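Q: Okay, here's the structure, questions in a sec.
The values are calculated or read from the model by the stated rules, or taken from the named source; none is laboratory data. Computed from a predicted structure; not experimentally measured. Here Cβ is always computed from backbone atoms with ideal geometry, including for glycine, and neighbour counts include all displayed protein chains. Ligands, DNA and RNA are stripped out before the accessible areas are found, and what is left, the full protein with its side chains, is counted by its heavy atoms. Shrake-Rupley method; radii C 1.70, N 1.55, O 1.52, S 1.80 Å.
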Amino acid sequence: MPIDATQPYDDQNIFAKILRGEIPNRTVYEDEWALAFHDINPQAPEHVLVIPKGAYVCWDDFSAKASDAEIAGFVRAVGHVARTMGLVEPGYRLLANTGLDAHQEVPHLHVHIFGGKPLGPMLMR
Ligand code: AMP
């Protein structure tokens, strides 16, 4: 079910549980600011999610409330993961679904990294 991006943060969401180590994940990268792990239902040959360590519902929440250090740390982590996955030269796509129309399902900010094949046009019409 898509979520309303303006809802308060729910610390029982599945990515909060992953951050607390309550459920397993296939970690790609972790630092002070971010955790990156393989999507459980990949939509491309390479499909990794990068999430901030802080409790933010979505991109809007994060961009409005996170500190400069959190934002810098998170953005640098996304770039680092894409580089270390070898995706810069062939190219990759970032996606951060936010709220109902974007069909955001998990209410903890996550950036999808897609790659590993030509990804086609940006949106299905
Ligand atoms: P979104 O529609 O942007 O909220 O995407 C949520 C993503 O989280 C989907 O691509 C799911 O496949 C992925 N997902 C849900 N649960 C897990 C999990 N336990 N581990 C890894 N990825 C997950």
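Q: Can you tell me the length gained on complete extension of the stretch residue 60 to residue 119, counting 0.36 nm per residue apart and subtracting the Cα distance?
A: Here the segment from residue 60 to residue 119 would lengthen by 18.7 nm.
Q: If contacts are Cα pairs under 8 angstrom and at least 6 residues apart, what is the relative contact order of the chain in percent? Intermediate results must be reported in sequence, preceding the final value.
A: Details: 205 pairs, mean separation 44.1, N = 125.
With pairs under 8 Å counted, the relative contact order is 35 percent.
Q: Quick check: net charge around residue 114, other residues with Cβ under 12 Å of its Cβ, Lys/Arg +1 and Asp/Glu -1? Intermediate results must be reported in sequence, preceding the final value.
A: Details: positive: 93, 117; negative: 39, 46.
Local charge sum for residue 114: 0.
Q: Ranked from highest to lowest mean number of other Cβ atoms within 10 Å per residue, what is the order of the peptides 42-48, 52-58?
A: Peptide ranking by packing, descending: 52-58, 42-48.
Q: Under a 1.4 angstrom probe, counting protein chains only, how are 60, 101 ranked by accessible area, largest first?
A: 101, 60
Q: Among the lysines, which fall within straight-line cross-link reach of residue 53, defined as a Cα-Cα distance under 24 Å, with same-chain neighbours fewer than 8 residues apart omitted?
A: 17, 65
Q: What does the chain give for Rg and for Dmax, in Å, if only its C-alpha atoms count?
A: Considering the chain through its Cα atoms, Rg and Dmax are 14.0, 39 Å.
Q: Treating only the Cβ of Lys, Arg, Asp and Glu as charged (+1, +1, -1, -1), what charge dipole size does the chain show about its Cα centre? Round to the nearest 20 debye.
A: With Lys and Arg at +1 and Asp and Glu at -1, about 400 debye.
Q: Any chance you could run the full-extension gain for residue 30 through residue 100? It's 0.36 nm times the residue separation minus the Cα-Cα distance, nm to one decimal.
A: 22.3 nm
Q: Suppose only helical runs count, i.e. DSSP H with n ≥ 4. What mean residue ellipticity at 222 nm does that imply for the chain under -39500 (n - 2.57) per run, divided by all residues and rounded to the nearest 500 deg cm²/dmol?
A: Per the formula, -7000 deg cm²/dmol.
Q: Then there's this: So how do 112, 80, 103 rank on accessible area, 1.4 Å probe, biggest first, that is with the largest at the start?
A: 103, 80, 112
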